[in-house]
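Engineer: Here's a structure for you.
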Amino acid sequence: MADIFLKTVNMSISAGWIVLAVLLLRLILKRAPKWINCVLWGIVGLRLVMPFSFESIFSLIPSPETISKAPDSPRPHIESGVTVVDETINAYLKGTYFEGVTKSMGYFTDVTTIMAVLWLAGIIVLMFYAVISYFRLHIKVGTAVLLRNNIYQCEAVISPFVLGIIRPKIYLPFSISEKDVELVISHETAHIRRKDYLWKPLGFMLLSLHWFNPFLWIGYGLLCRDIELACDEKVVKEFTNNEKADYSQALLNCSVNRRLIAACPLAFGETGVKNRVKAVLSYKKPAVIIIILAVTVCVIFGAVFLTNPVSEKPLLNSEFETGRCLYSFVVSEDKETEINEVIYNITEDGEVYKSFDEYTHDFLGLLTENNMSVSDLEKRFTEKKIDFGSVTKVYFVTDTAGTETVFMQNSRGTVFAVSFFSDGSVMSVFKLKRLGKCNTDVVYPESTVNNAGTLKELKDKYPEFFNLSTDGGLTVYIWQMSSMNYRCYLANSVTEAFSDNSFAYTTGATVTEMRIILSSYNIKKEDVTVMAVTNPLSSYYYVLDKEYQEYVKEMFWQEEPEKTALKEGSVLDLDAAINDVLDEKYSGSAPEGLVNIQSYYLFANEVAGPASSEYIEEITVYIVVYQMNYSIDTKIEEVEGSFVPTVMTFMIDENGVYTLKDYRTPRKGEHFEEDVREIFLPSIVHYVLDEENYSEALIEDSLFKASEYLKNK
Amino acid sequence: MEIPKIFESEYRFCLILWEHEPVKSIELVKLCKEQLGWKPTTTYTVIKRLSERNVLKNENTVVTSLVSKDAVQAAEINEMVEKTFEGSIPAFVAAFTKHKKLSSEEIDAVQQMIDRYRKGEQ
């Protein structure tokens with residue numbers, strides 16, 4: 001409902017602009033017949049009624065959607081079309097509502113809901129009032145006496161009026177003079193012929209939907225005035241001067257005993273009598289040329305105000321709901337589709353997509369177009385008869401080669417992936433199929449407090465790998481997360497033959513762990529099959545050929561991973577890399593006699609991918625570090641420490657060696673929270689800021705390390 | 001005896017009654033439909049109202065008047081109209097039709113405008 005309300009408000013604001021324009025035009029079109037004015041008001045009415053709009057380059061509307069925002073989008077956003085206003089207000093909103101929380105912003109939703117309710121209340125009140133008044137009048141004229149045709153006389157009226165929507169009837173007071181009667185009747189008849197008995201109530205209905213907009217009240221009042229003047233003109237068109245004088249007299253006579261007249265009944269002595277008399281007496285039939293000009297103005301007016309400005313949104317600076325595509329990797333030879341290279345993607349809210357249809361050939365002509373905007377692409381989709389709809393959400397990913405890919409989601413959930421070369425030209429276009437939602441715990445592993453663990457611990461950690469039947473053998477499915485990081489899944493070879501890789505989203509033991517798990521089975525080595533598979537979570541690029549399969553098998557059974565000649569002190573393992581960095585940063589700072597011990601909790605890691613080559617890679621880890629100074633001699637005593645959220649980026653070379661590239665921590669004190677929001681992924685910021693999520697585990701781990709230290713002393 | 005007050009529309013009804021009385025109410029309904037354009041329910045309501053005010057009596061569906069035509073004072077009618085219906089006309093949107101009653105100056109001014117026009121002065 002708040003949605004409809006916002007839509008109405010936006011429509012109202014658009015209409016407000018038009019009313020201003022009409023006011024201006026009325027001044028310019030003074031010499032034109034008054035029915036032209038009514039047409040202009042009709043255009044305003046149309047604008048209020050049309051839920052959709054055409055876009056045209058003629059549009060003069062500053063902005064079709066001033067207040068944008070579905071209730072479930074992160075942050076409200078103003079786009080009035082006036083830059084200074086937009087920037088100031090949006091800066092304020094940015095400071096008040098934080099981005100990235102994909103749950104709905106309760107505060108903003110509530111405010112709009114309250115306003116929507118108030119709005120509804122206003123409408124109900126106005127409509128109630130209108131309906132009641134109408135019926136009371138209707139009852140009062142029950143005893144009206146028929147004069148002729150559809151003209152009645154009754155004592156309920158002071159001023160003549162027209163009442164009725166289906167069969168309009170004219171009501172005259174008994175007290176009207178013989179001379180005036182016919183003139184009054186011709187005015188009211190003119191109203192009927194112009195269908196004013198329909199326009200006025202319709203206008204009132206529209207007004208009640210937009211009761212909060214003062215411009216529209218002004219517009220309605222002026223509409224009523226213009227209607228009366230137009231009717232006067234219609235009557236006196238062919239009158240002689242004397243007849244005009246008689247008509248003016250009738251106007252005056254009927255005004256003498258006036259009361260305030262309603263919106264529905266079309267009255268005779270209503271609008272400023274003086275002005276009307278003046279208008280009648282000075283009326284001259286307008287020249288044809290003036291009428292033609294006036295009509296032209298109306299047409300132009302319609303084109304200008306009934307259409308919306310074309311929305312220009314450059315694709316790569318999109319203002320849609322955006323997200324990040326965390327993982328994206330390419331697999332060759334997928335049997336389901338006939339594409340040579342299938343892309344798997346996972347967005348930060350856990351949606352998994354797989355590329356399904358390629359449309360690159362439909363966009364071949366566009367390979368030289370730079371800086372395409374969303375509307376350009378949408379147009380192309382329409383031209384090529386690709387059923388796309390309009391973009392509602394956009395995900396971005398950039399790989400190390402500088403290729404930017406934009407994943408555009410339409411309102412039906414279909415996603416298209418468009419990749420661009422660094423100069424902005426289109427490289428490829430794929431339609432993606434949504435496979436499902438994955439467990440985001442895997443995307444954000446809960447903990448890498450690193451021990452391989454005992455068999456019991458492994459049983460707790462991977463219950464699904466134990467007590468499997470060994471009939472027919474066991475298969476170890478293994479996939480690669482990074483150059484030296486493999487994950488394994490265990491299943492019975494016969495009963496669980498996986499055709500897809502859906503299991504890979506949910507779990508994975510390390511090689512060491514898996515070998516320990518295998519040791520719990522009474523099975524020969526030759527009955528264990530090791531099979532390399534693809535994994536949607538890994539952005540590690542590799543090709544599943546025979547060579548690779550052999551390599552993986554060999555690697556799995558080796559006692560220790562092969563080490564190539566490496567520089568001294570080089571690190572092959574992410575965990576070791578992180579610990580090395582922490583040791584460097586903190587151990588030296590421990591005061592005399594104390595030992596600083598660090599442990600960390602990993603929220604997420606992010607690999608910039610797809611990697612363009614098999615070997616070079618970059619990984620960013622988002623962790624929180626618990627560093628504590630201990631006094632350790634006979635017993636362990638905590639002295640002083642803290643939790644430090646940290647973001648580290650490592651480069652990994654072809655030998656699998658990690659080198660620190662970037663290290664960021666938030667400032668202490670008042671800038672802490674804003675820094676965290678800046679350096680961490682938006683979707684995990686709230687985990688990071690809430691110590692309860694990790695403090696227990698980290699403190700425990702730290703104490704464990706401290707006790708190990710004590711043992712080894 | 002005080003003459004009961006009758007509204008203009010009721011007066012028109014009475015004219016029909018005086019012409020045709022004594023008359024069956026059903027017949028009266030038909031006549032009112034023809035001459036006044038009234039629905040049957042309206043006619044019955046008016047008959048009831050007027051009988052309560054002792055303007056007519058309705059016995060065994062036959063209606064006869066209790067007041068004669070001459071006795072009714074037409075002059076009172078306008079007065080009643082003013083008093084009864086004062087301010088009862090609905091005002092949905094009073095906003096920009098800024099009419100209050102015309103002041104006598106305004107009335108004069110406009111009248112002058114019209115008069116001068118007739119005389120050929122613009």
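Engineer: Out of (1) at pLDDT below 85; (2) touching a strand residue (DSSP E or B) at 6+ places or on another chain (Cβ under 9 Å), the odd one out for B:Leu56 is which?
Structural biologist: B:Leu56 satisfies every listed condition except (1).
Engineer: I've got another one for you. Quick one: which of B:Val29, B:Val63 is modelled with pLDDT of 90 or more, out of contact with any strand residue (DSSP E or B) (no Cβ under 9 Å at 6 or more places or on another chain) and β-branched (Val, Ile, Thr)? So that I can check it myself, show each step before the final result.
Structural biologist: On the way: B:Val63 fails: out of contact with any strand residue (DSSP E or B) (no Cβ under 9 Å at 6 or more places or on another chain).
Checking each option against the conditions leaves just B:Val29.
Engineer: Filter region A:656-677 down to the residues that are assigned to a strand (DSSP E or B) and of a type in the set (Lys, Arg) and list them by number. Spell out how you get there, then give the answer.
Structural biologist: Let us first name the residues in region A:656-677 that are assigned to a strand (DSSP E or B), namely A:658-664.
Hits for region A:656-677 are A:Lys661, A:Arg664.
Listed here are the residues, each with its yes/no results for (1) touching a strand residue (DSSP E or B) at 6+ places or on another chain (Cβ under 8 Å); (2) farther than 23 Å from A:Glu606 by Cα.
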residue: A:Phe650; (1), (2): yes, no
residue: A:Glu670; (1), (2): no, yes
residue: A:Glu691; (1), (2): yes, no
residue: A:Leu698; (1), (2): yes, no
residue: A:Asp701; (1), (2): yes, yes
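Engineer: If we keep just the residues of region A:252-284 that are crowded, with 21+ Cβ neighbours inside 10 Å and at pLDDT 80 or above, which is nearest to the other protein chains (Cβ to nearest Cβ)?
Structural biologist: If we take residues in region A:252-284 being crowded, with 21+ Cβ neighbours inside 10 Å and at pLDDT 80 or above, then A:Val277 is nearest to the other protein chains (Cβ to nearest Cβ).
Engineer: If I ask for residues that are surrounded by 19 or more Cβ atoms within 10 Å (Cβ to Cβ) and β-branched (Val, Ile, Thr), which ones from region A:193-244 would you list?
Structural biologist: A:Ile227, A:Val235, A:Val236
Engineer: Please pick out the residue among A:Asp701, A:Asp690, A:Asp662 that is in contact with a Ser or Thr (Cβ under 6 Å, 6 or more places away or on another chain) and loosely packed, with under 13 Cβ neighbours inside 10 Å. Don't jump to the end; show me each part of the working.
Structural biologist: Details: A:Asp701 fails: loosely packed, with under 13 Cβ neighbours inside 10 Å; A:Asp690 fails: in contact with a Ser or Thr (Cβ under 6 Å, 6 or more places away or on another chain).
A:Asp662 is the lone residue from the list that is in contact with a Ser or Thr (Cβ under 6 Å, 6 or more places away or on another chain) and loosely packed, with under 13 Cβ neighbours inside 10 Å.
Engineer: As an exercise: evaluate B:Ser25 against (1) small (Gly, Ala, Ser); (2) closer than 20 Å to A:Tyr152 by Cβ; (3) more than 12 Å from every other protein chain (Cβ to nearest Cβ) and give the number of the one condition it does not meet.
Structural biologist: Result: B:Ser25 passes all but (2).
Engineer: Can you tell me which residue is farthest from the other protein chains (Cβ to nearest Cβ) among those in region A:228-251 that are in a helix (DSSP H, G or I) and without any contact (Cβ under 8 Å) to a residue 24 or more places away in the chain? Spell out the reasoning first.
Structural biologist: If we filter region A:228-251 for residues that are in a helix (DSSP H, G or I), which is where we start, we get A:228-236, A:241-251.
Filter once more, so that each one left must be without any contact (Cβ under 8 Å) to a residue 24 or more places away in the chain: A:241-243.
Values: A:Asn241: 7, A:Asn242: 7, A:Glu243: 11 Å.
Taking the candidates together, the pick is A:Glu243.
Engineer: So which residues in region A:119-148 are more than 10 Å from every other protein chain (Cβ to nearest Cβ) and at pLDDT 85 or above, if there are any at all?
Structural biologist: A:Trp119, A:Leu120, A:Ala121, A:Gly122, A:Ile123, A:Ile124, A:Val125, A:Met127, A:Phe128, A:Val131
Engineer: Tell me which of these A:Arg225 doesn't satisfy, since it passes every other one: (1) within 11 Å of another protein chain (Cβ to nearest Cβ); (2) within 18 Å of A:Leu46 (Cα to Cα).
Structural biologist: All conditions are met except number (2).
Engineer: Mind listing whichever residues of region B:4-26 are out of contact with any strand residue (DSSP E or B) (no Cβ under 7 Å at 6 or more places or on another chain), outside any helix (DSSP H, G or I) and over 17 Å from A:Phe174 (Cβ atoms)?
Structural biologist: Within region B:4-26, just B:Pro4 meets the criteria.
Engineer: Something else about it: Among what's in region A:154-191 and is under 21 Å from A:Leu202 (Cα atoms) and hydrophobic (A, V, I, L, M, F, W, C), pick the residue that is nearest to the other protein chains (Cβ to nearest Cβ).
Structural biologist: Checking each candidate, the answer is A:Phe161.
The values are calculated or read from the model by the stated rules, or taken from the named source; none is laboratory data. As the structure is a computational prediction, the values presented were derived from the model and not from experiment. Reconstructed Cβ throughout: ideal geometry from the backbone, glycine too, with neighbour counts over all protein chains shown.
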